[in-house]
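The structure appears right after this line, and notes come after that.
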Amino acid sequence: MKNKIKNSCINEFDPTALSIENAKNRILKTIKSSTKVEKIKLKNSLGRIVSKDIRSSINIPSFKNSAMDGYALNISHLSDKNNMSLKEVGISYAGKPYHNNLKKGETVRVMTGAVIPNNSNAIVMKEMIRIIDKNIQFPKNIKKNQNIRFIGEDIKKSSIILKKGKKINYIDLGILSSAGIECVDVIKKPVISFFSTGDELISIKKKLKKGQIYDSNRYLLYGLLSELPVSIKDMGVVKDNKNNITKKFIQCSKISDLIITTGGVSVGDADYIREVLDEIGKINFWKISIKPGRPLAYGKIKKTSFFGLPGNPVSTVITFQLFVIPAIEKMMSSEIKNKLFINAITKTNLSKKKGRVEYKRAFLTQTKNKVFVETTGLQGSNILTSLAKANCYIKLSANINKVKKGDIVKVLPFTNNL
């Protein structure tokens, strides 16, 4: 009798492994959006998630003004095409306006952003005029409303300027401050705790012994989480001991909205994560059809969500980007961003085994209006240097076996949040 083959990471096809789409859907269905809100100062709101629609209480601009340094005029005051000159009667500065309307034969010099007379209907830039005997000589073919910024042109009073779920960026800070908004209501930061598991892991402060490795995954996770509006709790390293892991999970579940671990979710005899979760929580799934990153566990401990990421560092990064970030976005009532894939020409032959989607680390370039991509070296899930050299992933679908040099492939460029 033939020995039954064990489903493990060495076998490409595993009928129990979920597709990326199914795994993501399962995660998002179980995550509840937060209703916890806090009011903070605008200057402290960068990167935070807006908890409700924000409307402007004013028009922006709130007055008709000039788009450039020049001269304000009423086109009808130019008598004919042969008499294109007007007399300068004043200057309107930004913050110090000229208050009178224009009379026939008059023009006012205006600075960029300055109020223009109510009855003016064109601005001519100063480089286009000539001064002759104290009169301003204008060019022909002046168009009505040229170079004028109108009331409410950018933002109309009572209109929504930021929608609920928007992550505030530096442009939003400018928009909100231009509307005179000092404080904003944002989603309270969820608490994310994380720890590593493994007898082989030691602190970077200690000297390595044979068989030991430095715990890099906690630093990876700290860096990934630091780019998100969350409160981070680093819970250290837990040895491969069932009782210790159980205690750590219970401790984290009392103080956290989400727990993340790395390591301990594979099929080894000393991998206790699954066993512990079966006793104190509930596992939704623990394998996905992806390379690198198959042994991904997801579940709950009471109301606290849990991600068990693979122990290999590249697998940790990819599964965090593809699965943890959307979960945190859902938790914060944020917009869940769709990944932007582009087509590129591969500069090298590519190969993989059929059975699961593979993400290859790669570098994207553009030459003569064509986009090219090539892998960045060894693709083992422990090779962080190939990820450091990359600026994108090549995504190869489950049914692909070989890709020839010159073929078109789908590429996912790196951004702050993939």
Does region 22-181 come out rounded, prolate or oblate, given a ≥ b ≥ c as the square roots of the eigenvalues of its C-alpha gyration tensor, rounded meaning a/c under 1.5 and, failing that, prolate meaning a/b above b/c?
prolate
Mean projected area in nm² (Cα convex hull; one quarter of hull surface) for region 156-269
10.6 nm²
What length, rounded to one decimal in nm, is gained on full extension from Asn135 through to Lys103, with 0.36 nm per residue of separation minus their alpha-carbon distance?
10.0 nm
Mean-position separation - Cα centroids, region 351-398 and region 42-61, in angstrom
39 Å
Where N is the number of residues in region 265-418, Cα Rg divided by 2.2 N^0.38 Å:
1.15
Along region 43-60, what does the Karplus equation 6.51 cos²θ - 1.76 cosθ + 1.60 (θ = phi - 60°) give for ³J(HN,Hα), rounded to whole Hz, x for Gly and Pro?
5, 9, 9, 4, x, 8, 9, 5, 8, 7, 4, 10, 10, 8, 8, 9, 7, 10
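So what's the back-of-envelope 222 nm ellipticity for the chain, counting only DSSP H runs of four-plus at -39500 (n - 2.57) apiece and dividing by all residues, rounded to 500?
Values: 8 runs with 71 residues, N = 418.
Taking each H run of at least 4 residues, the total per residue is -5000 deg cm²/dmol.
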Return the carbon/sulfur percentage of the accessible area of the chain, one whole number, probe 1.4 Å, all protein chains in place.
51 percent
Quick one: if the Förster radius is 30 Å, what FRET efficiency do Lys210 and Leu378 give, using the C-beta to C-beta distance and rounding to 0.05?
0.80
Cross-link partners among lysines for Lys143, C-alpha distance below 22 Å, same-chain residues fewer than 8 apart left out?
Lys64, Lys81, Lys87, Lys103, Lys104, Lys126
With the Cα gyration tensor of region 116-165 in hand, convert its eigenvalues to equivalent ellipsoid semi-axes via √(5λ) and list them largest first in whole Å.
36, 11, 9
To the nearest 20 Debye, how big is the dipole of the chain about its Cα centre, given +1 on the beta carbon of each Lys and Arg and -1 on that of each Asp and Glu?
620 debye
Accessible area per residue, 1.4 Å probe, Å², for the chain: what's the number?
55 Å²
Given backbone amide H placed at 1.01 Å from N, residues whose amide H is under 5 Å from that of Ala398, ignoring those fewer than 5 places away on the same chain, are Val357
Please report, largest first and rounded to whole Å, the three semi-axes of the ellipsoid equivalent to region 217-355, where each semi-axis is the square root of five times an eigenvalue of the C-alpha gyration tensor.
27, 20, 14
Ordering Cys252, Cys183 by accessible area with a probe of 1.4 Å, largest first, what comes out?
Cys183, Cys252
Compute the distance in nm between two label points, each set 7 Å from the Cα along the Cα-to-Cβ direction, one at Tyr219 and one at Thr30.
3.2 nm
Take Glu182 and Glu275, extend 7 Å from each Cα along the Cα→Cβ direction, and tell me the distance between the two endpoints in nm.
5.9 nm
Where in the chain are the DSSP H helices whose C-alpha atoms run 15 Å or more along the long axis and whose mean Kyte hydropathy is at least -1.0?
20-30, 242-255
Share of alpha-carbon pairs per 20 Å distance bin for the chain, given as whole %:
21, 38, 23, 15, 3, 0
Which FRET efficiency value, to the nearest 0.05, do you get for Phe150 and Leu42 by plugging their Cβ-Cβ distance into 1/(1 + (r/R0)^6) with R0 = 22 Å?
0.25
Once Lys and Arg get +1 and Asp and Glu get -1 on their Cβ, which of Ile259, Ser231, Ala17 lies farthest toward the positive end of the dipole of the chain?
Ala17
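Using r as the Cβ-Cβ distance of Lys247 and Asp199, and R0 as 22 Å, what FRET efficiency do you calculate, to the nearest 0.05?
Efficiency for this residue pair is about 0.85.
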Would you work out which of Ile148, Leu173, Thr112 lies farthest towards the positive end of the dipole of the chain? Charges go on Cβ: Lys and Arg +1, Asp and Glu -1.
Leu173
When only the heavy atoms of the protein chains count and the probe is 1.4 Å, how do Arg55, Arg274 rank by accessible area, highest first?
Arg55, Arg274
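The values are calculated or read from the model by the stated rules, or taken from the named source; none is laboratory data. Computed from a predicted model, the values in this text were never measured in an experiment. Every residue, glycine as well, gets a Cβ built from its backbone with ideal geometry; the counts of neighbours run over all protein chains shown. Ligands, DNA and RNA are excluded from the accessible area calculation, which covers all protein heavy atoms including side chains. Shrake-Rupley method; radii C 1.70, N 1.55, O 1.52, S 1.80 Å.
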